[in-house]
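A quick write-up on the structure given underneath.
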Amino acid sequence: MTHLLSGFPPALVRRLVVKIGSALLVDPAGQVRTDWLRTLVADVAARKTAGQQVIIVSSGAIALGARRLGLPKGGRGSLEDAQAAAATGQIALSQCWASLLHERGITAAQMLVTLDDLENRRRYLNASATLERLMALDVVPVVNENDSVATAEIRFGDNDRLAARIGQAARADAVVLLSDVDGLYTANPHADAGAMRIETIERIDARIMAMADTGSASGMGSGGMVSKVEAARIATGAGAHLAIISGKVDAPLTRWAEGGPGSIFLAAPGQGARKGWLAGRLTTRGRIIVDAGAERALGKGNSLLPAGVAQVEGVFARGDVVDIVTEDGRVIARGLVEYDSEAALRIAGRRSEDIAGILGEMPRSVLVHRDHMAMV
Ligand code: GLU
């Protein structure tokens with residue numbers, strides 16, 4: 001039985017992010033697969049006519065550029081190669097999207113973002129406002145990572161998680177990842193004849209993460225199944241559904257809507273946008289290790305008090321995002337910290353009423369307030 005949301009129908013999904021992987025966009029000879037892409041653009045046009053707003057997250061810059069520059073290893077041999085390939089490929093990629101969308105009377109807009117643009121709250125809100133404005137203007141944004149300037153430390157590295165973050169920034173109802181596999185399988189479908197596709201995933205737990213360990217075999221993109229499930233965690237945490245479907249067929253969105261295979265990760269019941277943004281962040285400044293009592297208190301929705309803190313790791317300033325971790329290493333929450341790391345170290349394990357005596361002031365009685373914390 002397919003799910004009601006199968007195909008992400010315009011009646012239920014008003015705003016949709018569609019992510020297309022490199023292996024679908026670029027053939028092994030380094031050319032854009034224009035004929036296939038035209039069928040996808042026809043899908044997008046049909047959805048827009050039906051009232052759905054569509055945002056595209058397109059990979060392919062590195063693969064396209066590498067071929068044009070004659071670089072080895074698909075342009076991924078070194079960071080410098082990847083950046084040169086991305087810069088060269090991106091211009092061709094945008095041209096291609098703009099002209100194919102134009103054929104259908106649709107105006108395209110290009111947005112290139114780095115990880116930092118979405119991890120920094122002010123820039124995240126900026127990107128979000130731009131997307132909102134583009135939607136209002138009935139334009140189709142085509143988004144990619146700004147690979148030509150992003151260095152290894154500040155890269156998403158895969159467009160799966162980028163698509164999920166864009167879905168969150170755009171307050172999309174759903175994200176669909178077009179892939180070379182048609183969903184999440186219980187085991188590697190290429191190696192195990194008994195592998196079964198999972199239609200609907202309600203909760204991403206250790207069992208689901210373990211299933212994701214089978215990778216994509218295309219060798220062109222960088223996102224295997226692990227990054228797709230990671231993207232699903234971000235999207236569903238932000239209140240958007242996420243689907244993995246095959247892009248190896250013509251008109252893939254229509255095919256899926258007509259009953260084709262796929263896996264849908266259902267959106268988690270809302271935590272609110274700000275908390276979703278926190279939970280979906282990929283980088284944090286430090287770690288606060290808490291004891292079992294604090295873990296229980298956080299589970300009940302309470303703030304983190306200094307008394308429950310066993311250890312503080314990293315250098316952070318007040319207002320930075322930190323991971324809250326149990327003594328056995330599980331990340332249980334993420335939040336904006338009320339004290340810098342130096343002060344946090346001094347008040348760790350101490351009662352709130354002692355803070356003023358230790359620090360000479362007590363701006364806050366909690367270390368991380370529950371309003372600024374998201375359980376993960
Ligand atoms: N941003 C990369 C590109 O355009 C692709 C990243 C990925 O493989 O997901 O080539």
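The values are calculated or read from the model by the stated rules, or taken from the named source; none is laboratory data. Everything numeric in this text was worked out from a predicted model, so none of it was measured. Backbone-built Cβ (ideal geometry, glycine too); neighbour counts: all protein chains shown. Areas reflect the complete protein model, heavy atoms only, side chains present, ligands, DNA and RNA absent. Shrake-Rupley method; radii C 1.70, N 1.55, O 1.52, S 1.80 Å.
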### Task
Output the number of residues of region 307-352 satisfying the condition of being under 17 Å from GLY293 (Cβ atoms), under 28 Å from the mean Cα position of the chain (by Cα) and not in a strand (DSSP E or B).
3
### Query
If VAL226 passes every condition in (1) at pLDDT 90 or above; (2) surrounded by fewer than 21 Cβ atoms within 10 Å (Cβ to Cβ); (3) over 19 Å from ARG14 (Cα atoms) but one, which one does it miss?
(1)
### Message
Please go through region 4-52 and give me each residue that is open to solvent by less than 40 Å² (accessible area, probe 1.4 Å) and polar (S, T, N, Q), ordered by number.
### Response
SER6, SER22, THR39, GLN52
## Note on the structure
Of MET111, MET135, the only residue that is in a helix (DSSP H, G or I) and either touching a strand residue (DSSP E or B) at 6+ places or on another chain (Cβ under 6 Å) or open to solvent by 40 Å² or more (accessible area, probe 1.4 Å) (or both) is MET135
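Quick grid of which residues meet (1) open to solvent by less than 40 Å² (accessible area, probe 1.4 Å); (2) more than 12 Å from the ligand (Cβ to nearest atom); (3) β-branched (Val, Ile, Thr):
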residue: LEU125; (1), (2), (3): no, yes, no
residue: VAL139; (1), (2), (3): yes, yes, yes
residue: VAL143; (1), (2), (3): yes, no, yes
residue: ALA174; (1), (2), (3): yes, yes, no
residue: GLY183; (1), (2), (3): yes, yes, no
residue: PRO189; (1), (2), (3): no, yes, no
residue: GLY194; (1), (2), (3): no, yes, no
### Message
Looking at region 68-102 only, could you name the residues that are of a type in the set (A, V, I, L, M, F, W, C), open to solvent by 40 Å² or more (accessible area, probe 1.4 Å) and more than 23 Å from the chain's Cα centre (by Cα)?
### Response
LEU69, LEU71, ALA84, ILE91, ALA98
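Here is a yes/no grid of residues against (1) part of a loop (DSSP other than H, G, I, E, B); (2) over 15 Å from the mean Cα position of the chain (by Cα); (3) surrounded by fewer than 18 Cβ atoms within 10 Å (Cβ to Cβ):
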| site | (1), (2), (3) |
| --- | --- |
| LEU242 | no, no, no |
| ILE245 | no, yes, no |
| LYS248 | yes, yes, yes |
| GLY259 | yes, yes, yes |
| PRO269 | yes, yes, yes |
| GLY276 | no, no, no |
| THR284 | yes, yes, no |
| ASN302 | yes, yes, yes |
### Complete set of residues in region 154-172 that are surrounded by fewer than 24 Cβ atoms within 10 Å (Cβ to Cβ), more than 12 Å from the ligand (Cβ to nearest atom) and part of a loop (DSSP other than H, G, I, E, B)
ARG171
